[in-house]
Structures are given as C-alpha cells and as structure tokens.
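Engineer: Have a look at the structure that comes next, please.
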Amino acid sequence: APQAFSATVSANHDRPKNLAAIIGQEEVVLQLRLAVAGAQLRGERFGHVLVTGSPGVGKSSLAQVVASELGVPMISTTGMLLRKSTDVIGLLMGIEGGAVLFVDEAQQMSPAAATVLYQVAEDGSVDLLAGTGPDVSATTMPLPGLVIVAATTHPGKLSQSFRDRLTIQLTMDE
C-alpha cells in the first residue's frame, strides 16, 4: 500500500526559499508577512492556510516558504492519499514539535480524512481511540505548532466547514 506522506526535499534550486524571493505575488506575500509577524508578536500559533490558484502558480513552493518562515519542516501529501481517518492519524503520529502539513489537491481527500483535519485545525490536537468494544479508551494527542497548508485548484469542492478552519486564505495569480 502506498504511504500517505513523504518528506519534501526539492531538487529545484530555483524555488523561492523565503518570502523575499517570491516574485509576482505581492498580495500573497504581504498577507503572509502580516500573518507571520502577527503570530510572533502575539505569541500565538500561526493560522492554518488555504492556497488556491491555477496549476503551476507555485502553491507547493509557497507551502515550503511558509515552513521556512516558521522554521519548521514540511511534510507533504496529497488529498488523493487521504482516504480514511487512519491515513491522517498515521501521518500526524510521526510529527514531533512544529511542522507544516501540506495537503496538495486537498479537494480530493475523503470526508472522513477532512473531519480529522477539522479537529486538528480547530483544537490543535487529535483524538485517538485504542481497543474495541467495552475496552475502548480515548486519548487526545496535542499537536502544538502544527500548521495545515491546504492547496487546491477547486476551492468550491472543499467543504465550507474545512475552508472556515483555514483562517489564512490566499489566492495566487497566474
């Protein structure tokens, strides 16, 4: 079975490494600068991000820049690989400390997977169940510093509930 994630290491050295290196997306850069500075000044967790735009405008590169600006690693997956809630939970179990979870083509993830990400975006944690029947027990796994960056070419295919939890919404121009 394919793994639901892979660490992203770009072989393309032309990709921007920080906000200053992004060309032609002035509004997006300004919004991200304000969001990063605001979170740092308030000592708060950085918001979750929805990036929309046509194919090839740099949504994946922007996610890597967000991780770089926050000083955390990026874990990358695609919505197509997130079919069950356990796919998302398995991905989250490997995260220690802060990270950017980049979900490309987020509109392709299943409703079950999206529901797990709702909780992560809203509460900064995920509920885990162990056991079966009367022996089932629940525990909450905190995910401090986890930032979700969801990218899509079709934002209308994402549920309103999911979009509402992504508080930084960016549209990249061609």
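The values are calculated or read from the model by the stated rules, or taken from the named source; none is laboratory data. Just so you know, these numbers come straight off a predicted model, no measurement behind them. Here the Cβ is made from the backbone with ideal geometry for all residues, glycine too, and neighbour counts use every protein chain on show. Side chains included, ligands, DNA and RNA excluded: accessible areas come from the protein's heavy atoms. Shrake-Rupley method; radii C 1.70, N 1.55, O 1.52, S 1.80 Å.
Engineer: Check segment 126-134 and report whether any residue there is assigned to a helix (DSSP H, G or I) and within 27 Å of Gly58 (Cα to Cα).
Structural biologist: Going through segment 126-134, the residues assigned to a helix (DSSP H, G or I) turn out to be 133-134.
Checking which are within 27 Å of Gly58 (Cα to Cα) leaves us with none.
No: segment 126-134 contains no residue that is assigned to a helix (DSSP H, G or I) and within 27 Å of Gly58 (Cα to Cα).
Engineer: Out of the residues in segment 65-96 that are part of a loop (DSSP other than H, G, I, E, B) and charged (D, E, K, R), state the one that is surrounded by the most Cβ atoms within 10 Å (Cβ to Cβ). So that I can check it myself, show each step before the final result.
Structural biologist: Of segment 65-96, the ones part of a loop (DSSP other than H, G, I, E, B) are 71-73, 82-84, 94-96.
Those left that are additionally charged (D, E, K, R): 83-84, 96.
Values: Arg83: 15, Lys84: 13, Glu96: 9.
Result: Arg83.
Engineer: Mind checking which residues of segment 77-96 are in contact with a Phe, Trp or Tyr (Cβ under 6 Å, 6 or more places away or on another chain) and under 15 Å from Ser125 (Cα atoms)?
Structural biologist: Leu91
Engineer: Taking Leu129, is it among the hydrophobic types (A, V, I, L, M, F, W, C), within 26 Å of Val29 (Cβ to Cβ), out of contact with any Leu (no Cβ under 8 Å at 6 or more places or on another chain) and open to solvent by 10 Å² or more (accessible area, probe 1.4 Å)?
Structural biologist: Values: among the hydrophobic types (A, V, I, L, M, F, W, C): yes; within 26 Å of Val29 (Cβ to Cβ): no; out of contact with any Leu (no Cβ under 8 Å at 6 or more places or on another chain): yes; open to solvent by 10 Å² or more (accessible area, probe 1.4 Å): yes.
The answer is no for Leu129.
Engineer: Report, ordered by the first and then the second residue, all pairs with beta carbons closer than 7 Å, sequence separation of six or more or different chains, a first member in segment 127-147 that is acidic (Asp, Glu), and a second member that is open to solvent by 70 Å² or more (accessible area, probe 1.4 Å).
Structural biologist: Asp127/Ala138; Asp127/Thr140
Engineer: Got a sec? Which of Ala99, Ala113, Ala150 is surrounded by 13 or more Cβ atoms within 10 Å (Cβ to Cβ), closer than 21 Å to Gln31 by Cα and in contact with an Asp or Glu (Cβ under 9 Å, 6 or more places away or on another chain)?
Structural biologist: Selected residue: Ala150, the only one of Ala99, Ala113, Ala150 that is surrounded by 13 or more Cβ atoms within 10 Å (Cβ to Cβ), closer than 21 Å to Gln31 by Cα and in contact with an Asp or Glu (Cβ under 9 Å, 6 or more places away or on another chain).
So that you can scan it fast, the table gives a plain yes or no per residue for (1) modelled with pLDDT under 85; (2) polar (S, T, N, Q); (3) farther than 28 Å from Met80 by Cβ; (4) surrounded by 19 or more Cβ atoms within 10 Å (Cβ to Cβ):
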{"residue": "Phe5", "(1), (2), (3), (4)": "yes, no, no, yes"}
{"residue": "Ala21", "(1), (2), (3), (4)": "no, no, yes, no"}
{"residue": "Val29", "(1), (2), (3), (4)": "no, no, yes, yes"}
{"residue": "Gln40", "(1), (2), (3), (4)": "no, yes, yes, no"}
{"residue": "Val49", "(1), (2), (3), (4)": "no, no, no, yes"}
{"residue": "Val57", "(1), (2), (3), (4)": "no, no, no, yes"}
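Engineer: Please pick out the residue among Thr167, Thr132, Thr140, Thr153 that is at pLDDT 90 or above, among the polar types (S, T, N, Q) and farther than 23 Å from Arg45 by Cβ.
Structural biologist: Exactly one residue qualifies, and that residue is Thr153.
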